[in-house]
Amino acid sequence: MANDTEYVTLVSSDDFSFVVQRSAACLSPAIRRMLDPAYGFAESRTNTCHFENIKSVAGIVLEKVCEYFYYNEKYKDAKDVPDMDIPTELSLELLLAADYLDGTVSPSEALN
Amino acid sequence: MSGRRGGNRIRGPQSALTDFLAANNISAAQIRDDYERRRRQSAEQDDAGEGASDQPPQPPQATDAALAAAHELEEEEVSKNKKKRKRSEKDAIEKIKKAKASKKGKKKSKKDDSDDDEDYDVAQDMYRKARPAPGQFEHCEICSKRFTVTPYSKEGPDGGLLCTPCGKDLAKELKHEKKAAAKPGGRKRRKLESDRLDGIARGGAKPLQQLCIEKVAKHHDEIEELGDMPQPVVERLSEIFSKKRVMKPKTLRLFLRPDLEDVIVHDSAYLEPDDYHQIFATVPNMKRLVLANCCQMKDDAIDYMLERCHKLRHIHLYAANLVSNGMWHRLFREIGERLEVIKLKWLDDSFEDFVVEDMVRQCPNLQRVKFKLCRRVGAEGVAAFASLAKLQHLSLQISSEVPTSVLCDLVSQRGSQLRTLSLEKFIDADDTLLEALHDNCRELTKLRVSENDTATDAGFTALFTNWQNPPLTFVDFNSTRDVDNNNSEGPEDAIGMASSGFKAMMAHSGPELKHLDIASCRHIQLGAFMDVFNGAQSYPALEHINISFCNRVDTSVVAGIFKSCPNLKKLVAFGCFDVQDVVVPRHIALIGVPRAQEAIEQFGVGIGVDEAIGRMVEVAA
C-alpha cells in the first residue's frame with residue numbers, strides 16, 4: 001500500500017506540480033504527516049500532496065518552498081550558512097506558506 | 001593630412017591584418033595616416049595600388065565597405081579640421097572611429113545597407129552637439145533650467161549636462177545604488193555571531209519562517225498590509241520591528257486588525273497620543289495589551305481605552321509615566337473586576353502605595369502581578385499584595401526599603417498557591433524569608449531570589465532540604481553573596497548560595513530543572529561543582545546554565561556539565577578564568593569563555609559529547 005518511493009509530488013493551488021525527494025519534503029511536519037501511511041490519508045497511497053484548496057500555497061510560492069527543502073539539506077551541519085535568497089514580493093506569501101506547512105495539517109481526504 | 005584633401009580615393013583590398021587591428025580597436029585609418037606621412041617623406045613611388053598589392057587579396061565586399069568607412073572617416077576628419085574643434089569632440093570622434101572600425105571588422109557580409117547605416121550614424125555624430133566650455137550657459141537635461149557650465153558639471157543619462165541640484169541628486173542615487181550593490185560581508189558575520197550569543201543559532205540552515213521574517217523586516221517600509229497572518233507570526237514580526245526601532249505610526253497600522261485579541265508593541269516610543277487612540281479604535285475586542293516604552297501615553301488615551309475596550313484582561317504597560325494617579329484609580333474601578341494580569345515597570349512619578357491598595361481592592365481576580373522599578377511603591381504596597389486571593393505569579397523589584405517581615409508575611413499568606421516568585425534586589429532579606437518559603441510554598445515552579453547579601457548558605461540548605469515543594473523548573477539565585485571589599489572570600493559561614501546550598505538545591509530540583517542561574521555565586525567551591533556535575537548524575541531537563549563569575553569553576557567542571565546534561569543548549573560562563581581549551585560538543589553554545597584568539601562564543605559542531613570530553617582530557621593531560 002505505502003510504496004515508499006524516493007520522490008513525491010506536491011501540487012500547488014494553481015495546478016503546478018513539483019517532484020521532490022521524499023526526504024527533502026518531509027522537512028515539513030505537515031507534509032510528513034500527510035505522506036505517512038500510519039495516519040491513513042489518501043496522499044500516502046498516491047505519494048502526492050494536493051494543496052489545491054489552500055490559497056497560500058501558490059505555484060511560485062511552492063517552488064521557493066522546494067528550493068528551501070534542498071537548501072536546508074545541503075547545509076545541514078554547516079557553520080556560517082549563507083542565507084537563501086528570497087525575492088521581496090514573495091516574502092509575505094512565503095511566510096504564510098511556511099507557517100502553514102510547519103504546523104499540523106487537516107486532511108484533504110481521509111482513508112478509513 | 002593636407003595631402004588627402006584632394007579626395008584621394010585610395011582603394012585597395014583590406015588585409016586580414018587590418019581586420020585584426022580593427023577588431024582590437026586600432027584604427028586602420030590612423031595607420032594609414034602614418035603610412036601616408038612616411039610615404040611623403042621618403043622618395044616617391046606613389047603607386048598606392050603597389051602598396052596595396054603587397055597585401056594578399058581579400059573578400060571584395062568587406063574591402064569596399066571598409067574602405068568606404070575609412071574614407072568617410074577621413075572626410076569627416078578633414079571637415080572637422082576646418083572648423084575650430086573642441087578637444088572632447090575629437091575624442092568623441094576617435095571613439096566613434098574605433099567603434100565603427102571594430103564593428104566593420106566583425107561584420108563579415110554586409111552590403112549597401114551597412115554603408116547607409118554608417119552614413120546615417122556618422123552624420124548623426126557630426127550633428128551631435130559638443131560639450132560647451134566652462135563659463136557658457138547650458139540647459140539642464142532633467143529640469144531644463146539654465147545654468148553655467150563648470151568643470152564639475154555632471155553628465156546626465158542621455159549625455160547632456162545637469163545643473164547643480166540635479167547633478168547632486170544623480171550623484172546621491174548612484175551612491176545609493178553602489179551601497180546597495182556592495183553588501184559588506186562583515187555585517188552578515190556579525191549578525192551570525194550575535195545570533196549565536198543569543199543561543200538561538202544552530203548548525204545548518206535557518207528555518208524558512210525565520211528567513212522570511214527577516215526579509216520582511218528588512219523591507220518594512222514597503223509593506224502595505226500583512227494579510228491573513230496567524231497570530232504568532234504577527235507577534236514575531238512586531239517583536240522584530242520593535243527591535244529594529246521601526247515601529248512607527250505607519251508600520252503600526254500593519255499590526256492592528258479588528259479580529260486580533262492581542263496588541264503587542266514592544267517599543268512604542270515613536271507612537272504619539274493619536275496612535276494610541278487609533279489602537280483602541282481599531283482593536284476594541286482586545287483581551288491582552290502589551291505596550292512597552294509607552295512614554296507618550298497620556299490620560300486621555302487611557303480614557304479612550306476604557307471607553308472602547310471592554311474585554312481587557314491583561315495589561316502590560318512599561319514606562320507609562322504620563323498617566324496620573326487619578327486615571328489609575330479610574331482604570332481599576334472600571335475594569336478591575338475582569339483584570340487578571342497586570343505588569344507595570346518603570347513608573348517614576350505616579351502610582352503610590354495607596355494606589356496599590358486601591359488596585360488590590362478593586363481587582364480581586366488578579367493572578368499575575370509584576371511590579372518592577374516603580375519608584376513610589378514601598379513596603380505598604382508590598383504588604384497590600386498579600387490580600388490578593390488568587391495570586392499565582394508574583395514578581396517584584398522594589399527600590400525602597402522593604403523590611404523582611406513584610407515579605408515573610410506576604411509569603412506566608414500567599415505562599416501555598418504561588419507558582420512563581422521572583423524577588424529581585426531585596427538586599428536585606430534574610431533567612432527568615434527562606435524559612436517562610438520552606439514552610440509555605442507547595443506549588444512553586446519558578447523561584448528567583450537575586451542580588452542579596454544577607455541570606456546565608458545555611459538558610460538555603462535548610463530551604464531545599466526536606467522541602468515539600470516539588471522540584472523547580474526555573475531557578476535563579478544570581479548575585480547572592482557577600483559584598484565586602486576587604487574580604488573577598490566571604491565569612492566562614494558562607495553568605496548566599498554556596499557549596500552546601502548548591503548541592504542541596506540540585507539534589508532537590510535536579511530531575512526537572514530546566515534553567516539554572518547561579519551567576520556571581522562565587523562562594524560555591526570547586527568541590528561542590530564537581531560533586532554536582534560529576535558525569536554520573538544526569539540532569540535530563542537542564543537546557544540553560546549560567547555560571548558566570550563563579551571563579552572556582554574549571555575545565556573539568558565544564559566537561560562534567562557536558563556529560564551530565566544531555567539536553568544542554570546554552571552554557572554561559574563569563575569570568576571563569578580557569579576554564580580553558582574547551583571542545584564544545586554539537587548543539588551546545590558556550591558563551592563567555594575568554595581566549596584572546598578565539599571567538600567569545602564557541603559553537604559546537606558535529607562532535608558528540610563523549611568525543612568532545614575525550615579531546616579535552618587529552619589536551620589537559
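The values are calculated or read from the model by the stated rules, or taken from the named source; none is laboratory data. On a predicted model such as this, the values are computed, not experimentally measured, just so you know. Methodologically, a virtual Cβ is constructed for each residue, glycine included, from the backbone with ideal geometry; neighbour enumeration extends over all protein chains shown.
Criterion first (more than 14 Å from chain A (Cβ to nearest Cβ) and either touching a residue at least 24 places away in the same chain (Cβ under 8 Å) or touching a Lys or Arg at 6+ places or on another chain (Cβ under 8 Å) (or both)) does B:GLU261 satisfy it? Yes, satisfied. For segment A:60-106, a tally of residues being in contact with a Ser or Thr (Cβ under 6 Å, 6 or more places away or on another chain) and either within 10 Å of chain B (Cβ to nearest Cβ) or modelled with pLDDT under 85 (or both) returns 4. Checking each residue in segment B:562-576 for being closer than 19 Å to B:ALA498 by Cβ and among the hydrophobic types (A, V, I, L, M, F, W, C) picks out B:ALA573, B:CYS576.
In segment B:402-451, which residues are polar (S, T, N, Q), under 22 Å from B:THR473 (Cβ atoms) and assigned to a helix (DSSP H, G or I)?
Answer for segment B:402-451, where residues must be polar (S, T, N, Q), under 22 Å from B:THR473 (Cβ atoms) and assigned to a helix (DSSP H, G or I): B:SER416, B:GLN417, B:ASN440.
Of all residue pairs spaced 6 or more apart or on separate chains, none has beta-carbon atoms under 8 Å together with a first member in segment B:441-453 that is closer than 15 Å to B:LEU396 by Cβ and a second member that is among the acidic types (Asp, Glu) and crowded, with 23+ Cβ neighbours inside 10 Å.
For segment A:40-56, residues that are away from every other protein chain (no Cβ under 13 Å) and at pLDDT below 80 total 8. Evaluation of B:TRP346 against the conditions (1) surrounded by fewer than 19 Cβ atoms within 10 Å (Cβ to Cβ); (2) over 29 Å from B:ALA389 (Cβ atoms); (3) aromatic (Phe, Trp, Tyr) shows that the sole unmet condition is (2).
Got a sec? Which of A:ARG45, A:ARG32 is assigned to a helix (DSSP H, G or I) and free of Cβ contacts under 8 Å to residues at least 12 places away in the same chain?
Numbers: A:ARG45 fails: free of Cβ contacts under 8 Å to residues at least 12 places away in the same chain.
Checking each option against the conditions leaves just A:ARG32.
Candidates B:LEU312, B:LEU306, B:LEU289, B:LEU252: the one that is free of Cβ contacts under 8 Å to residues at least 40 places away in the same chain and within 25 Å of B:GLU222 (Cβ to Cβ) is B:LEU252.
Here B:LEU211 fulfils each of the conditions (1) within 14 Å of another protein chain (Cβ to nearest Cβ); (2) modelled with pLDDT under 80; (3) on the phi < 0 side of the Ramachandran plot apart from (2).
Residue count for segment B:251-309 under the criterion of being under 31 Å from the mean Cα position of the chain (by Cα), hydroxyl-bearing (Ser, Thr, Tyr) and within 25 Å of B:GLY326 (Cβ to Cβ): the result is 2. Looking at B:LEU192, B:LEU237, B:LEU226, just one residue is closer than 26 Å to B:MET305 by Cα, within 10 Å of chain A (Cβ to nearest Cβ) and modelled with pLDDT under 80, and that residue is B:LEU226.
Check segment B:332-339 and report whether any residue there is of a type in the set (Val, Ile, Thr) and buried (at least 19 other Cβ atoms within 10 Å of the Cβ).
yes
Scanning segment B:454-509 for residues that are under 38 Å from the mean Cα position of the chain (by Cα) and in contact (Cβ under 8 Å) with a residue 60 or more places away in the chain yields B:THR473, B:ASN478.
When each of B:VAL377, B:VAL382, B:VAL369, B:VAL356 is tested for being over 21 Å from B:SER450 (Cα atoms) and buried (at least 18 other Cβ atoms within 10 Å of the Cβ), the lone residue that passes is B:VAL356.
The condition of being over 13 Å from B:ASP457 (Cβ atoms), touching a residue at least 60 places away in the same chain (Cβ under 8 Å) and either touching an Asp or Glu at 6+ places or on another chain (Cβ under 8 Å) or among the small types (Gly, Ala, Ser) (or both) does not hold for B:ALA536.
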